[in-house]
Structures are given as structure tokens and as C-alpha cells.
1. Of all residues being outside any strand (DSSP E or B) and under 30 Å from the mean Cα position of the chain (by Cα) in the stretch 206-231, which is surrounded by the fewest Cβ atoms within 10 Å (Cβ to Cβ)? Just the residue, please.
2. Out of curiosity, is ALA408 open to solvent by 30 Å² or more (accessible area, probe 1.4 Å), touching a residue at least 40 places away in the same chain (Cβ under 8 Å) and within 18 Å of VAL275 (Cβ to Cβ)?
3. Give me the pairs: first residue in the stretch 116-144 and open to solvent by less than 30 Å² (accessible area, probe 1.4 Å) and at pLDDT 80 or above, second residue among the acidic types (Asp, Glu) and part of a strand (DSSP E or B), beta-carbon distance under 6 Å, and six or more apart or on different chains, which are they?
4. Suppose we filter the stretch 372-396 for residues that are in a helix (DSSP H, G or I) and under 14 Å from GLU501 (Cα atoms); how many remain?
5. Restricting the search to the stretch 307-318, which residues are part of a helix (DSSP H, G or I) and either crowded, with 17+ Cβ neighbours inside 10 Å or modelled with pLDDT under 90 (or both)?
6. Those residues that are part of a helix (DSSP H, G or I), closer than 20 Å to LEU458 by Cα and either touching a residue at least 40 places away in the same chain (Cβ under 8 Å) or open to solvent by 40 Å² or more (accessible area, probe 1.4 Å) (or both), I need them from the stretch 320-343; list them, please.
7. Going through the stretch 385-405 one residue at a time, which ones are more than 30 Å from SER480 (Cβ to Cβ), touching a Phe, Trp or Tyr at 6+ places or on another chain (Cβ under 9 Å) and surrounded by 15 or more Cβ atoms within 10 Å (Cβ to Cβ)?
8. Would you be able to say whether some residue in the stretch 256-278 is over 22 Å from the mean Cα position of the chain (by Cα) and open to solvent by less than 40 Å² (accessible area, probe 1.4 Å)?
Amino acid sequence: YQRRVRGIRIDCAMSEPWQIVDVAPQGGISLLDWCPNRDLLAYCTPEGSVHIHRIVYTDASRTWKRLCSWTPKRGARVTALRWRPDSKALGMGCSDGWVRILDVESEAQLFEQQLLEGEVSAISWSQADTSSCPPRKYVERARRLLHPLKPLLKPSNLDKAQRSLQIETPDIDGDTPLYLLLAGGVDGKIVICIHGRFSLGLLDMHDVTPDLSQMSLQIVDTHLSKDLKHLAVSYRSADALGVIELDTSAIRTSHAEISHVVSHLLHCQSVLSYVDNTAKQIDSQWQSAMSDVQEKMQPLAQMIRDGGANTSPREELLSMLSCGVVSAPLNQFICQKLQVAGIAALEKKFDQVCGVVLTLVTSHLNVATDHIVFRIGELTGFARWTDRFGDVGLREEALESLHQSCSALRLRTEQALHMLCKVRSNYKAFFKWLNLCCHNLSEGLDGLDGAMSNTSELLLVADFLHHDLNDDRVHTVLHSSVDGIDTLFQQLQCQFDALKEIPGASICSKFRLMAVHELLQDRGSKLGCRLRPSVRDTDLSHVCGLVSETKPNSTPDSALWLITVSYTHLTLPTKRIV
């Protein structure tokens with residue numbers, strides 16, 4: 001690229017620069033990355049914003065169209081860019097140590113996590129090719145033993161804001177390719193993540209060999225071969241540029257276990273999102289029903305005060321229930337404000353919403369929590385199977401704590417179901433009793449003793465007046481700060497986020513150093529190295545690198561060298577190609 005923003009792509013058919021935008025952004029371009037298999041280009045400006053352009057072909061020319069722009073949060077700068085191999089997502093490393101993954105199609109941020117303490121200086125992806133690995137199949141028992149998750153309901157009475165809470169069923173049956181993301185930092189550390197979300201291990205290059213232990217290293221680029229056997233790391237020290245070769249066969253050996261564990265974690269993450277959206281829809285539906293009831297009952301307190309009485313609505317209704325005594329304000333409220341038709345309409349709407357909430361709890365929330373409990377239990381069993389899953393780095397104590405939180409959430413959802421059924425019965429009995437009282441008062445009957453002859457229903461009305469008229473027991477079950485569903489879910493989410501930080505120390509300790517190659521030494525030059533797999537290589541054992549050497553301003557000479565790492569020998573940059 002040049003100072004005036006130009007993306008340059010050299011091939012056999014075209015060697016002229018393509019101008020991306022008419023006006024160069026302030027400061028030019030700091031980072032640039034071509035999409036591996038689509039006509040997309042991502043570049044970053046020094047202030048931190050990322051822009052993605054697409055080539056638009058016409059009959060006589062090629063033009064650029066901006067697809068989307070993105071700016072990181074918290075004022076951080078983007079310091080590393082790399083496309084995922086499927087070209088659907090872009091990995092970005094930032095100056096605050098966070099790695100963020102952007103979905104290009106939806107322009108939404110898929111994931112963010114702080115992987116390093118310092119600045120992220122390099123990001124790379126590797127799509128694992130395990131076709132030649134020894135087959136190890138694990139039975140997916142969840143699909144056999146658990147009920148499938150259903151799409152969330154779409155009731156017609158949801159407004160636009162509530163409809164935005166709906167999500168479809170998580171795709172828990174799809175087979176996701178295994179993508180490994182490597183994030184290197186200015187402190188010489190590399191974090192290996194599965195799908196950019198689940199940490200597999202932390203590798204400190206200072207610990208690889210004693211020769212590097214006292215050096216100040218910065219990771220320039222990394223490349224993990226598709227067969228997961230070899231890792232090439234280009235580093236920059238105070239006065240040199242080098243490449244480190246590592247044997248990572250331990251990842252290949254444990255690829256089946258890693259894939260199975262990550263599959264469970266991905267399912268749990270999807271189901272947790274499903275639970276969150278289900279709980280939001282339950283809360284939205286219930287709050288809508290309770291607001292309607294409170295709106296209808298609210299005028300009673302004011303009418304009692306206007307009548308000169310010091311009693312509460314509960315006391316007035318209890319007096320009418322136990323003694324058949326009806327005050328003038330209560331009579332006016334029931335016969336004129338509510339009326340028989342109004343009570344029937346309120347009862348019908350409330351019962352309809354209760355039915356929707358019950359369906360959400362029984363067919364969605366409870367089933368989803370069953371999925372989480374089962375899969376966390378499976379992961380706990382894997383953590384105890386140290387001979388097979390020991391290298392993955394699962395922590396048994398963290399999984400056991402997470403399993404207890406899952407079980408507590410499942411128990412609370414069952415309690416919420418029982419509470420909801422009880423409250424629904426109380427409201428149904430209260431509306432029936434109130435309707436009969438309104439009919440008798442409208443007919444001018446003196447006593448209300450025969451308004452409801454069923455003793456069990458009268459007990460439900462009394463229970464409603466004592467516990468449900470002024471209090472919302474369902475809301476307490478949902479939002480209690482001690483053991484509410486929201487509180488337990490937040491605790492579960494935090495523990496799951498901590499679980500994703502798998503230490504993986506054992507698998508990184510099995511990496512074997514193959515070679516350390518020092519390429520260039522010059523204190524006055526700015527050195528860089530970009531690693532890419534060889535396009536003509538078929539056995540996944542070669543990687544090519546472009547080594548750049550930029551002289552100071554006083555010496556406007558620069559060079560571009562080509563190297564080839566075969567993991568058995570290194571072709572040193574003896575030929576200048578630019």
C-alpha cells in the first residue's frame with residue numbers, strides 16, 4: 001500500500017495499483033489483510049477503525065464498495081487483523097489485549113475476550129485438517145436422551161421491542177469445523193484458542209529455549225499447519241528477526257478429545273443464550289399481565305380515600321369475603337369501574353398470558369436447563385478421564401461447581417413452575433368470585449354469602465388476598481437477589497465464562513522445540529515477517545515467509561526477502577525480490 005490509500009495485488013494479469021477510496025483517511029493505513037477466498041479486503045486506520053471493502057466487477061472496470069466499518073470499544077486500537085479461513089469472520093487483536101471476532105455478513109461482533117495482558121501484535125487462524133488422524137469417535141448421548149429444544153413462541157400480542165427478544169432454536173446438531181486462533185503479544189506470549197472462544201493453552205516463547213529467556217521478544221506472526229503438527233513463530237527482538245519452529249503433535253494427538261469438549265462447550269453456550277432469551281420473554285409476558293391487573297385495581301385505593309375511610313383495598317375485599325359487608329366505595333368500584341364484562345375480559349387475558357408463560361417454562365426453560373445440566377455432567381466425566389482428556393486441561397473442581405449451579409437453576413425453574421401454577425389458580429378463583437359478587441351487587445341482592453359455595457375456591461381467594469393482591473410472588477422467584485432465576489443464571493454465566501479459560505498447561509508443555517533461526521540483524525532497521533502456507537505444498541510441511549527490512553529515514557533503502565520453512569531446514573533470505 002501507499003500513503004494515498006491503495007491496495008496492491010500483483011498477479012499475472014494485472015500489476016497496476018487499485019485505488020480503494022478517493023480520499024485517504026487521516027494517517028493512512030496501519031494494517032491490511034486480503035480475504036483468502038473472496039474478493040474482500042480489510043484494512044485498519046491508525047485511530048483504530050476497521051473497514052471492509054469488496055471488489056465489484058463491471059464490464060469495463062473494477063470498483064470498490066465498502067461493506068462495513070467497525071470501531072473497537074473502550075478506546076482501544078486494532079493492532080492485528082486476520083481473516084478466518086472460511087472468510088465469514090475477521091479476527092482482530094487490540095492494544096488492550098482483547099481479541100474480537102467480527103461477523104462480516106451480519107456486521108455483528110460475535111465474541112470478545114481478553115487473552116493477553118499487553119498489546120496483541122499478531123493473529124492467525126488455522127483450520128484443522130484431521131482427515132488422516134486416527135479415528136476416535138465419541139457417542140453424542142445428548143441427542144438420544146434429551147428432548148430437542150423448540151423455537152421460542154411468537155404470540156401475537158408481543159410488541160416490536162418484545163419481538164426482538166425472540167431467537168430460533170440453537171443449531172446443536174450442526175458439525176462445526178475446528179478453527180484454531182493464535183494470538184501473539186508484544187510480551188512474547190501466544191494464546192491458542194478454539195474458534196477464538198475457548199483457550200487451549202498459553203505458550204511463553206521465553207520458556208521455549210534458554211537462549212530466548214533473557215531477550216525482549218515480540219511476536220510478529222504465527223502459522224499452525226493444518227495437520228496440527230508444526231507451529232512456526234516469527235519474532236522480533238531488540239536488534240534481530242527470527243523464526244522459531246515447534247512440534248505441536250500433541251494437539252493432533254488430542255484433536256478428537258478437543259473437538260468433543262469444544263462441541264459440548266459450544267452447545268452449552270448456545271443453550272445459555274437460549275435460556276437468557278427465554279427468561280426475558282417470560283419476564284416480558286408476566287410484567288405485561290401484572291401491569292394490566294394493577295391498572296384495573298389501582299382506582300380502588302383512591303376511591304376508598306375519597307370516601308373518607310382509612311382501610312386498604314385488601315381489608316375491604318377481606319371484609320366482603322368473610323362477612324359479606326360491602327362498603328360504598330367498593331360497591332361503586334366493582335359495579336361501575338370493573339363491571340362483569342371488564343372482569344371477564346381481564347380474566348381471559350390474564351389466563352392467556354399465564355398459558356404462554358407456563359409453556360415457556362415447561363417446554364423451553366426446563367428443557368434447556370436439562371441440556372446444560374447433562375452436558376456439564378458429561379464434561380465433568382471427561383475431566384476425570386485423565387488418560388484421554390488430561391491434555392485438554394479441563395478443571396474438575398470448576399466443573400463440579402458449575403454443575404451445582406446448573407442444578408440449583410434447574411431446581412429454581414421447577415419451583416417457578418409450581419409457583420406460577422399456584423398463582424394462576426388463585427387469580428382464577430379471585431376473578432370468578434369477583435365476577436359473581438359484581439353480578440349479585442348489580443342485581444341488588446342484599447347478601448353475598450351465596451356468591452361462591454365451593455370452600456376450596458374460597459380458600460384460594462383468601463390466599464390470593466393475603467399473598468398475591470399486593471405482592472408478586474412470581475416476580476420474586478424470577479428476580480430475587482438471593483436465589484432468583486436471574487441471579488442464578490448470572491452466576492452460572494460467570495462460572496461458564498471462567499470455564500472457557502481452559503489452562504491447557506499440560507498440552508503446551510508437550511510442544512517440542514525443533515529449531516530457532518535468526519534471519520536478520522541490524523539495529524537501524526525495522527524488521528517484519530509475514531508467514532503463509534506454501535500454495536504448492538501438498539504434505540502441509542512447508543510455510544513461506546516474506547521478510548521486510550525498512551531502513552531509517554536517512555537511508556531510504558528497503559528490501560523484501562522470501563524464506564521457506566520446511567520444518568527440517570530453513571532457506572535463509574539470500575535473494576532480494578523487491
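1. Step one: list which residues in the stretch 206-231 are outside any strand (DSSP E or B), which gives 206-217, 225-229.
Within this subset, residues satisfying the condition of being under 30 Å from the mean Cα position of the chain (by Cα) are 225-229.
Working: SER225: 22, LYS226: 16, ASP227: 21, LEU228: 24, LYS229: 18.
Top of the filtered list is LYS226.
2. Working: open to solvent by 30 Å² or more (accessible area, probe 1.4 Å): yes; touching a residue at least 40 places away in the same chain (Cβ under 8 Å): yes; within 18 Å of VAL275 (Cβ to Cβ): yes.
It is true that ALA408 is open to solvent by 30 Å² or more (accessible area, probe 1.4 Å), touching a residue at least 40 places away in the same chain (Cβ under 8 Å) and within 18 Å of VAL275 (Cβ to Cβ).
3. The qualifying pairs are ALA122/ASP221.
4. Initially, the stretch 372-396 is screened for residues in a helix (DSSP H, G or I), giving 372-384, 386-392, 396.
From the residues that got through so far, the ones that are under 14 Å from GLU501 (Cα atoms) too are 392, 396.
Looking only at that region, the number is 2.
5. Taking the stretch 307-318 as the starting set, the residues that turn out to be part of a helix (DSSP H, G or I) are 313-318.
Hits for the stretch 307-318 are PRO313, GLU316, LEU317, LEU318.
6. Just the residues of the stretch 320-343 that are part of a helix (DSSP H, G or I), to begin with: 320-323, 328-343.
Checking which are closer than 20 Å to LEU458 by Cα leaves us with 320-323, 330-331, 334, 340, 343.
Correct list: MET320, LEU321, SER322, CYS323, ASN331, ILE334, VAL340, ILE343.
7. If the condition is that a residue be more than 30 Å from SER480 (Cβ to Cβ), touching a Phe, Trp or Tyr at 6+ places or on another chain (Cβ under 9 Å) and surrounded by 15 or more Cβ atoms within 10 Å (Cβ to Cβ), then PHE389, VAL392, LEU394 are the ones that fit.
8. If we filter the stretch 256-278 for residues that are over 22 Å from the mean Cα position of the chain (by Cα), which is where we start, we get 256-257.
Still in the running and open to solvent by less than 40 Å² (accessible area, probe 1.4 Å): 256-257.
Yes, because at least one residue in the stretch 256-278 is over 22 Å from the mean Cα position of the chain (by Cα) and open to solvent by less than 40 Å² (accessible area, probe 1.4 Å).
The values are calculated or read from the model by the stated rules, or taken from the named source; none is laboratory data. These numbers come from a predicted model, not from an experiment. Note: ideal-geometry Cβ built from the backbone for every residue, glycine included; neighbour counts use all protein chains shown. Each accessible area value is taken on the protein alone, full model and side chains, heavy atoms only, with ligands, DNA and RNA left out. Shrake-Rupley method; radii C 1.70, N 1.55, O 1.52, S 1.80 Å.
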